[in-house]
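Trainee: Got a structure here, written out as structure tokens. Questions coming.
Nothing in this text is a laboratory measurement; each read-out follows from the coordinates by a stated rule. Note that the structure is a prediction, hence the values are computed from the model and not measured. For neighbour counting, all protein chains shown are included, and Cβ atoms are generated from backbone atoms with ideal geometry for every residue, glycine included.
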Amino acid sequence: MLPFPVNPNLELQKLDGTAIDRFYAERREMGLAPLTLHHVHSLLGQILESAVKAKKLVRSPKADIQTKPRPKRRDKIEVLDEAELAALLDHLPTLLLPVPECAAAKS
């Protein structure tokens, strides 16, 4: 499943906000992740702005989109307390691989 339309018959000048909204709704129904859809939206905006600069479009239809994809935000960020941080720092040297002396000398 591709997150972007693959329609060789699509005329750029006929693309409008309604068609883009419909595309986003179809991709949501297909299960596309909100962050991925947000990236597609950003890329589409860049493409449309390039088309305006290249005089292929008079204006970008991105301005007419009703439902702009937004990535979901995390509800809560977990932060380590002092004891958890100390335990992590104590354990960290056992997690790191030793750097051979010959590799360290070259860098």
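Trainee: Using a cut-off of 11 Å between beta-carbons, work out the net charge of the residues near SER60 (Lys and Arg +1, Asp and Glu -1, SER60 not included).
Mentor: +1
Trainee: Less than 11 Å Cβ to Cβ from GLY45, Lys/Arg counted +1 and Asp/Glu -1: what total charge do the surrounding residues give?
Mentor: +1
Trainee: In nm, give the distance between the simple-model label positions of LEU88 and LYS56, each being 7 Å from the Cα along the Cα-to-Cβ direction.
Mentor: Going from the LEU88 label point to the LYS56 one covers 4.6 nm.
Trainee: Binned at 5 Å from 0, what are the whole-percent values of the Cα-Cα distance distribution for the range 22-76, short to long?
Mentor: Result, from short to long distances: 4, 19, 24, 21, 16, 10, 5, 1, 1, 0 percent.
Trainee: On to the next question. Using the crude model of +1 on Lys and Arg Cβ and -1 on Asp and Glu Cβ, and no other charge, please compute the dipole size for the range 12-72 relative to its Cα centre, in debye to 20.
Mentor: In debye, rounded to 20, the range 12-72 gives about 180.
Trainee: Now a separate question. So, R0 is 25 Å and r is the distance between the beta-carbons of HIS38 and ASN9; what FRET efficiency does that work out to, to 0.05?
Mentor: Efficiency, from the Cβ-Cβ distance: 0.40.
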